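Structure record follows, encoded as C-alpha cells.
Readers should treat all values here as calculations from the given coordinates under stated rules, not as data from a laboratory. What you see is a predicted model, and the numbers here were worked out from it, not measured in a lab. Positions of Cβ are backbone-derived with ideal geometry, glycine not excepted, and every protein chain shown enters the neighbour counts.
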Amino acid sequence: MGILARIIGEAIGDRQSRKKVEQQTPEMFRATNELIAKAEQGNSQAMTELGVNYAKGIGVARDYDAAVYWWKQAAKQKNVDAYFNLGVMYLGNVSVYYKNAYESYAWFELAARNGRRDALDIMNTWFIRDDITGRIEIVD
C-alpha cells in the first residue's frame, strides 16, 4: 500500500473496511451522538472526530458534505487534524466531487505550518507546483 493510500485510509477510512449503518453496534451510535453534542457545543476535537465518523459512516450514514462541514468548523478553531483531513478530502481520492488541487494544497500547507510533518511529505510527493505561474496539480 502506498503512502497516500495509507494516509487516506487512516484519515478517512478504507472502502473495504467500512460498515453499513445497519451493521453497526448501538455503542457506535451512542458514541457518535456524544460527539454530535460536544461538536455542537464548540469542541473542535469532537468536530474533527465527528467529521471522520461522517466520512467513514460510523454511527451515522456516510455523508461527505457533513464531514467537510464539521472539519471546516474545526478548522475555524485552528484544529490541525481538521486541516489535514480537508487536504485529504480535496485530493479527490475519497470523492471526485471534492477534487480540487488548490484547495487540497492550501489545507495541507496549513497543516504542515502547524506541525503535521506528514502533510509536508504529501505536498512534496503528490503535488507539482509551478512557482512562476502559481499552477498546482495533483500527481496521478
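Worth a mention:
- Total formal charge among the other residues, if their Cβ is under 12 angstrom from that of Ile36, Lys/Arg +1 and Asp/Glu -1: -1
- Calculated from backbone phi, Karplus (6.51, -1.76, 1.60) coupling profile of region 28-40 in Hz, x at Gly/Pro: 5, 5, 5, 5, 5, 4, 5, 4, 4, 4, 5, 4, 5
- If only the Cβ of Lys and Arg carry +1 and only the Cβ of Asp and Glu carry -1, the dipole of region 28-140 around its Cα centre is close to 260 debye.
- When Phe29, Phe127, Phe84 are arranged by Cβ crowding within 10 Å, least crowded first, meaning fewest neighbours, the order is Phe29, Phe127, Phe84.
- Paramagnetic label zone (point 7 Å from Cα along Cα-to-C-beta, Lys72; backbone N under 16 Å) in region 96-111: 97-108
- Ranked by how many other Cβ atoms sit within 10 Å of their own Cβ, fewest first, the residues Thr48, Thr25 fall in the order Thr25, Thr48.
- Placed amide H near Phe127: partners under 5 Å, 5+ positions off or other chain: Val139
- Residue order for Ile122, Ile58, Ile138, fewest other beta carbons within 10 angstrom first, comes to Ile138, Ile58, Ile122.
- Restricting the trypsin sites (Lys or Arg not before Pro) of region 65-140 to loop positions (DSSP other than H, G, I, E, B) with no more than 13 neighbouring Cβ atoms within 10 Å leaves Lys78, Arg135.
- Region 36-140 - Rg and Dmax from Cα coordinates, angstrom: 13.9, 47
- Couplings 3J(HN,Hα) for region 62-70, derived from phi with the Karplus relation 6.51 cos²θ - 1.76 cosθ + 1.60 (θ = phi - 60°), are 4, 8, 5, 5, 5, 4, 4, 4, 5 Hz, where x marks Gly and Pro.
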